[in-house]
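Read the structure below first, then the notes.
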Ligand SMILES: NC(=O)c1ccc[n+]([C@@H]2O[C@H](COP(=O)([O-])OP(=O)(O)OC[C@H]3O[C@@H](n4cnc5c(N)ncnc54)[C@H](OP(=O)(O)O)[C@@H]3O)[C@@H](O)[C@H]2O)c1
């Protein structure tokens, strides 16, 4: 994978940051986005360039404005000579999810629509721009982050869980239509992973204890657990896997 380029949204924290490090360690150049955390983005860029001798650049993106991807990809064209992998990872939290993160009877159009935009529409627009570049280099791999919250009930997760179900279906459609360009499209569905997004859950301690109890491996998921799955799916070892959702849940979903 050395010398190839990954474009990933939300590279400054949690799962996105772990993916950035995993790919950089494997010699992949990294174009990543941040939203509010420019200082952290700069630190990560400098750190991976120094440690792994790869090229890294960061760009500001608000996934609630998915059309921003068009401008960002134009900048990426100037900074990198190719795009091989695209991972739609960023997720919104805080005020943007009010009315979307909550009980079914409290769901409201604005919060729900924001979560759908951040999860599905941002995936579509980012993947379209990435696919145009991948076509030029003979193929590539597109991934969307998903969550087992569309397989098992999670408190307050109706907005996110239903949007993740939608993005998994979008992944299957994209895989069918992009296969002829040698572009594979998959989703990685995580069980509860220890990140800021999960710590923001009102019942975080409860979720953590329950996850450890449910997993036959007796521990919470870590961002690196997801990053390894992403690296595999982007590698040639996964060359006939497309339109698939790989579940990385420490065995919790079956329990
Ligand atoms: N944590 C879990 O348990 C879990 C489980 C399964 C799947 N997932 C999925 O994995 C992905 C990453 O989750 P995470 O837990 O790593 O999240 P996280 O720790 O909250 O990190 C979120 C990332 O998204 C960026 N971001 C926030 N608001 C944004 C916006 N409006 N526009 C663009 N970027 C924005 C942040 O950038 P700044 O730092 O610059 O603000 C940050 O890099 C998500 O798709 C999530 O649904 C998570």
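Every read-out reported here was derived from the displayed coordinates using simple, explicitly stated rules and does not represent laboratory data. Computed from a predicted model, the values in this text were never measured in an experiment. As a convention, Cβ positions derive from the backbone with ideal geometry for all residues, glycine included, and neighbour counts pool all protein chains shown.
For the stretch 28-72, what is one quarter of the convex hull surface built on the Cα atoms, given in nm²?
Taking a quarter of the hull surface, the average projection is 3.2 nm².
Note the angle between two axes, namely the Cα long axis of helix 223-234 and the longest principal axis of the Cα atoms of the chain, as a number of degrees from 0 to 90, rounded to the nearest 10.
Helix 223-234 sits at roughly 50 degrees to that axis.
Say we join alpha carbon atoms closer than 10 Å with springs in a Gaussian network model of the chain; which of 95, 219, 57 then has the biggest fluctuation?
Looking only at 95, 219, 57, the biggest GNM fluctuation is shown by 95.
Based on the mean of other Cβ atoms within 10 Å per residue, sort peptides 10-17, 43-50 so the most packed one is first.
By packing density, highest mean first, the sequence is 10-17, 43-50.
Test of understanding: ordering 145, 105, 220 by Cβ neighbours within 10 Å, fewest first, what list do you get?
Ordered by Cβ neighbours within 10 Å, fewest first: 105, 220, 145.
Normalised by the empirical 2.2 N^0.38 Å for globular proteins, what value does the Cα Rg of the chain take?
The chain yields a ratio of 0.95.
Distances over 19 Å make up what percent of all Cα-Cα pairs in the stretch 178-255?
Above the 19 Å cut-off, the stretch 178-255 has 45 percent of its Cα pairs.
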